[in-house]
Amino acid sequence: MTPAEAKKRHDRLVAEIRRHDLAYYVEAKPVISDRDYDRLSHDLLDLEANFPELVTPDSPTQRVGGEPLKAFRPVRHLLPMLSLDNTYSREEVVNFVKRIHKLLPGETLEWAVEPKVDGVAVSLRYQEGRLAIGATRGDGMTGDDITANLKTIRSVPMKLNHPGFLEARGEVFLTKSGFEKLNAERQAAGAEVFANPRNAAAGSLKQLDPRIVAKRPLDVVFYGLGKLENGPHPATHADALDWLKSLGFKTPQKIWRCHSADELMAAIDELDRLRRGFPYETDGAVIKLNDFAQRERAGFTAKAPRWAIAYKYAAERAQTRLRGITIQVGRTGALTPVAELDPVFLAGSTISRATLHNEDEIKRKDIRIGDAVLIEKAGEVIPAVVGVVPEKRPAGAAPFDFAAHIHGKCPVCGGPVSRDPKYVVWRCENIQCPAQATRRLEFFAARGALDIESIGGIVADKLVERNLVREPLDLFGLKAEVLAALNLGAADAPRVFGAKNAAKALHAIERARTAPLSRWLFALAIPDVGKATARDLALFHQTIEDVSSSPLLKDVLDYHDNLSRLPSLRRDHLDRCQPLKDKTAEAANRLLQAGFAAPSQNKAEAGKRRDRGIVTRIGPVVAKSVLDFFASSAGREILARMKALGVHPAVEKVSAGRTDALPLAGKSFVLTGTLPTMTREQASARIESLGGKVTGSVSGNTDFLLAGAEAGSKLEKARQLGVKVIDEAEFLKMG
Ligand code: IVH
């Protein structure tokens with residue numbers, strides 16, 4: 001192929017992929033199969049590998065790439081990013097309308113009403129049709145340059161059919177289901193959970209490594225324009241949104257056009273009914289004057305435009321009294337402040353405790369013991385204190401001082417505490433802290449881990465308190481008589497564990513010695529290792545020592561590491577690039593052969609691959625975490641002790657090619673629609689790890705159609721052919 005031919009082919013491929021990205025990520029109406037899409041991406045990657053000069057920053061292959069940044073560059077906004085006046089009162093909305101009528105006497109006014117998306121405001125600049133800079137709002141005048149992070153969002157257009165300069169403004173969000181999933185993963189991995197989708201979105205965009213951002217299910221809705229040059233200047237907001245949409249931006253799914261306060265109220269009410277079904281959290285309705293010329297005449301205050309207002313919907317809230325603040329010590333030593341409340345009924349349950357998140361949140365909201373506080377069910381699950389009622393503050397209530405409250409030491413063990421100024425969390429530094437030991441022991445013995453019945457709650461507390469157990473592995477040294485005599489009550493009101501219970505507990509402990517390897521891997525609380533990862537590791541390794549020095553995990557690291565270095569190589573580096581490409585391909589081959597990776601089937605992955613498009617069962621972050629854990633002194637000690645104690649986890653490994661013993665062996669699956677918590681990639685990985693096969697289309701040979709929301713023609717076909725259709729819940733029960 002001549003360079004000119006290559007260029008032509010490149011242009012064609014890029015245009016085609018862009019068209020499909022738009023159909024899939026913006027319009028949610030894919031027109032080709034994942035397999036065909038993959039083929040296009042693969043062709044583009046091949047072409048760019050052979051003609052590296054064709055790689056442009058806006059090529060679909062460049063969504064995730066580059067090295068982590070050291071810091072974000074500041075970006076001065078071309079037009080300030082203002083905020084909105086907001087209100088919870090309908091009367092205020094009526095007054096707002098009256099105010100604008102007064103400002104623009106005798107004029108006919110048209111209003112646009114749209115959802116107020118609860119996320120993070122961003123501005124994207126396009127120069128000559130190319131995404132040049134994406135920035136956060138910052139203080140309204142200057143934000144952070146987060147271009148690399150925004151590029152990882154697949155619905156963000158990298159290229160526009162618009163030659164002039166254009167700035168689009170919108171809100172980045174994490175979908176509700178993406179938020180639940182992310183938190184579930186973080187919880188399983190022992191990481192801190194996000195309080196709500198907005199914090200999760202903000203936290204994600206603050207990451208300096210775009211590869212981490214790419215894993216977060218972020219999306220964006222655009223609600224306005226910034227600076228425009230050389231091109232159309234829409235006359236109204238509705239036209240602006242239509243124009244943005246026609247350029248490939250995702251815009252609000254519905255806007256209302258209203259001509260009176262009554263119509264505004266009806267729109268606000270209708271939006272309130274609909275918004276629960278939106279994929280993102282909304283906290284209000286934004287009411288904007290539709291006509292841009294009128295907007296200009298209405299003008300701005302220093303902070304916000306006069307021509308718009310946000311009507312906020314009241315969240316499910318309750319008021320109660322903050323009796324005190326206790327501090328919980330987690331498995332990793334994190335100190336979490338917990339509000340002790342006068343019990344109050346809220347959205348279906350009685351609440352007497354709520355999270356206060358961390359020191360900074362308490363300061364920011366100026367929450368004081370004795371205050372009347374407002375409780376909200378954030379993200380529908382974790383009750384949180386969202387603010388105080390200052391008028392009801394009792395006399396003498398003092399500002400809360402975290403360090404003084406805990407007297408500068410761990411409230412459980414009295415050990416030293418510290419707070420890394422970069423993070424919001426205080427930690428107990430004493431690795432022998434009984435609270436940490438208790439949490440670790442509870443986790444180790446929990447049902448999903450080693451399932452050592454009767455070593456939970458109070459028993460774990462007392463074992464640690466009496467110094468019988470410091471580390472979970474100490475369980476294996478417990479003597480029946482000592483355990484039987486364990487006092488679960490107080491010194492003056494003893495209540496012993498008893499011989500029968502002790503015998504039962506010891507039996508369960510003995511059984512745990514040969515519990516399956518996956519359970520052991522989970523029970524050890526290795527950072528980032530949840531149940532699914534533990535299972536994957538166990539299927540591919542015979543013993544825990546094999547995991548600790550796993551060549552597969554090392555290959556995963558090498559593969560991803562090389563991959564991230566490849567895109568920046570240019571043609572003049574091609575010979576130097578070749579050995580790296582070979583090494584990458586070799587690692588990929590080994591992983592494929594071992595069955596630890598599969599050829600990529602997913603569009604989101606396709607952009608990341610180079611010469612071998614593979615998806616590894618375990619990603620590089622987790623692989624590193626596992627290897628680091630076993631290389632640490634704590635990890636090495638655990639391995640040595642397990643050996644000395646004669647702990648031999650049961651082997652679950654399946655030899656390559658001998659997948660017939662697996663629960664889904666010989667079963668063929670087809671995936672369709674959006675699953676509530678899993679991505680397609682995860683579902684496919686699970687099917688394959690259990691011995692099943694995933695294919696692209698439904699046929700007489702298909703055993704199961706795993707269907708999620710908005711399943712289309714595949715579902716119809718499956719019904720016609722009598723193929724069993726299952727949902728995610730049923731799927732998770734298999735195997
Ligand atoms: S318009 C000058 N429209 O709300 C007006 N903002 O409180 C600029 N927001 O910083 C904002 N949805 O992050 C507008 N449909 C929407 C919005 C929206 C969410 C956010 C935006 C802004 C904040 C203002």
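Where a number appears in this text, it was derived from the coordinates with a stated rule and is not lab data. Predicted model only: the values in this text are computed from it and were never measured. For neighbour counting, all protein chains shown are included, and Cβ atoms are generated from backbone atoms with ideal geometry for every residue, glycine included.
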Using Cα positions and a limit of under 19 Å, work out the lysines in reach of K422, with same-chain residues fewer than 8 apart set aside.
K70, K206, K363
Listed peptides 498-508, 673-683, 285-295 by packing density, highest first (mean Cβ within 10 Å)
285-295, 673-683, 498-508
For the stretch 407-469 and the stretch 18-86, what is the separation of their Cα centres, given in Å?
44 Å
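At R0 = 56 Å, how high is the FRET efficiency between K363 and Q682 if r is their beta carbon distance? Nearest 0.05 is fine.
Values: r = 39 Å, r/R0 = 0.69.
E between K363 and Q682, to the nearest 0.05, is 0.90.
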Proxy exposure order for I526, I351 (fewest C-beta within 10 Å first) is I351, I526
Taking every alpha carbon pair in the stretch 458-562 and sorting the distances into 10 angstrom bins from 0 up to the bin holding the longest one, the percent per bin comes out as 13, 34, 24, 17, 9, 3, 0
With a point put 7 Å past each Cα toward its Cβ, work out how far A302 is from A665 in nm, to one decimal.
7.4 nm
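Which helices, counted as full DSSP H runs in the chain, have an axial Cα extent of no less than 15 Å and a Kyte-Doolittle average of 0.5 or above? Numbers along the way, then the final one.
On the way: long enough: 3-21 (26 Å, -1.57); 34-50 (24 Å, -1.28); 90-103 (20 Å, -0.49); 176-188 (18 Å, -1.33); 261-275 (21 Å, -0.22); 434-445 (16 Å, -0.29); 499-512 (20 Å, -0.24); 551-565 (21 Å, -0.66); 574-594 (29 Å, -0.72); 620-631 (16 Å, 1.32); 633-644 (16 Å, -0.17).
Span-like helices in the chain: 620-631.
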For the chain, cysteines whose Cβ has no other cysteine Cβ within reach (under 4.7 Å):
C258, C577
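Provide the gained length on full extension for the span A293 to V338, in nm with one decimal, where the gain is 0.36 nm per separating residue minus the Cα-Cα distance. Mind dumping the intermediate values first?
Details: separation 45, 0.36 × 45 = 16.20 nm, distance 5.12 nm.
Value of the extension gain: 11.1 nm.
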Paired Rg and Dmax values of the chain, which use every Cα atom, in angstrom
28.7, 92
Taking 0.36 nm per intervening residue step and subtracting the Cα-Cα distance, what contour gain separates R447 from K245 on full extension?
67.8 nm
Which of V425, V723, V113 has the fewest Cβ neighbours within 10 Å, and the rest in rising order:
V425, V723, V113
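For N589 and R393 in one chain, what is 0.36 nm times their gap in residues minus the Cα-Cα distance, to one decimal in nm?
On the way: separation 196, 0.36 × 196 = 70.56 nm, distance 6.62 nm.
So the chain would gain 63.9 nm between N589 and R393.
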Under 5 Å between amide H atoms, partner at least 5 residues away or on a different chain: which partners does V417 have, H built in plane at 1.01 Å?
C410, E429
Using label points projected 7 Å from each Cα along Cα→Cβ, tell me how many nm separate K176 and D492, to one decimal.
5.3 nm
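Among the listed pairs K176/K377; K667/K733; K303/K392, which have their C-alpha atoms separated by more than 19 angstrom in this model?
Violating the 19 Å Cα-Cα cut-off are K303/K392.
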Nearest 500 deg cm²/dmol is fine: what mean residue ellipticity at 222 nm does the chain get from its DSSP H runs of n ≥ 4 alone, each adding -39,500 (n - 2.57), divided by its residue count?
-11000 deg cm²/dmol
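Which order do the peptides 354-361, 435-442, 219-226 take when ranked by the mean count of other beta-carbon atoms within 10 Å per residue, highest first?
Details: 354-361: 19.8, 435-442: 23.0, 219-226: 21.5.
Ranked from most to least packed, the peptides come out as 435-442, 219-226, 354-361.
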Which residues does a label at T108 reach in the stretch 235-270, if reach means a backbone N under 20 Å from a point 7 Å past the Cα toward the Cβ?
235-240, 256-265
Need one number: nm distance between label points at Q319 and R12, each 7 Å from Cα along Cα→Cβ, rounded to one decimal.
6.9 nm
Per its Cα gyration tensor (rounded if a/c is under 1.5, else prolate when a/b beats b/c, else oblate), the stretch 465-511 is best filed as oblate
